[in-house]
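First up is the structure itself, then whatever we jot down about it.
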Amino acid sequence: MSFYQRCREAWTGIWSLPAGEATVELTAPATTDGALGRAWLRDGIVDLASIAAFSRLSMQLMRHGAPPHLIEGCHRAALDEVRHAQHCFALARRHGTGTIEAGVFPALDGTRVPRISKADLAVDSFVEGGLWESFAATLHAAGARAAEEPELAALLAQISTAERAHVELAWDIVAWSLSSDTDSVAPKLRAAAAKLPLEPDIDMRHAPDSWLRHGRPGASAQRELFTKVRETARRRVEQILRSQGVPAERSA
């Protein structure tokens, strides 16, 4: 289990926005759909895990002598995720999750930054950024296009744009890792591309199509979008490999 996954599963409390600060002025009445609220809550927890993951990534990059713009990108992304988490938790409360309080984060107790290879760094960036962050950006963009409330649509579009920047940061890290250690990085990237999951690693059983007007694509739409994102990620990693002179794999 990756550090990012451990952070997602171990979180026991939630952040709220600062007192008196609204995430977005929504005009339509809130729902009492607890499942919809819990879906936004899960998104917020994912964003919280991303804060810790980007922070650790910056230190791993420093260990490998990465250029400053990659380090800066990690910290900018972590700050983005702080706001994204707060927005998601505000939406969760609006849809029936009740009061959300701050809590401890036990996944970080005694945490050390492990020394990982550039190959593993590249693979993590490919999978967590090139695939999962891209999927999140795609979902929010789809939600923005369909949301009935203009204010919610604008918020989701803003989040999607920030997440797209995180995706490009991930690809920059992949390219940098590959360029500096091609022989070890290329095979692991190819192996990871061949093992990408066929479906999202989230519980979509409670994502009906009716949620689309609230900015959340339903289960069938999510599967369709994920398939497109997965294939795009595979093509992108092959493009990066070719740009570094790595020959395409021969068909069996």
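The values are calculated or read from the model by the stated rules, or taken from the named source; none is laboratory data. Worth saying up front: this structure is predicted, and the values here are computed from it rather than measured. No Cβ is skipped: glycine too gets one built from the backbone with ideal geometry, and neighbour counts run over all protein chains shown.
Taking the stated definitions as given, is Cys7 among the hydrophobic types (A, V, I, L, M, F, W, C), surrounded by 15 or more Cβ atoms within 10 Å (Cβ to Cβ) and modelled with pLDDT under 50? Yes.
If the condition is being under 23 Å from Gln158 (Cα atoms) and at pLDDT 95 or above, then segment 173-224 contributes no residue at all. The listed residues are Arg216, Arg164, and the only one of them that is of a type outside the set (Asp, Glu), within 19 Å of the chain's Cα centre (by Cα) and closer than 17 Å to Glu128 by Cα turns out to be Arg164. Of all the criteria given as (1) closer than 28 Å to Leu36 by Cα; (2) touching a residue at least 12 places away in the same chain (Cβ under 8 Å), the one not satisfied by Glu224 is (2).
Inside segment 56-95, residues that are small (Gly, Ala, Ser) and surrounded by fewer than 16 Cβ atoms within 10 Å (Cβ to Cβ) make up a count of 1.
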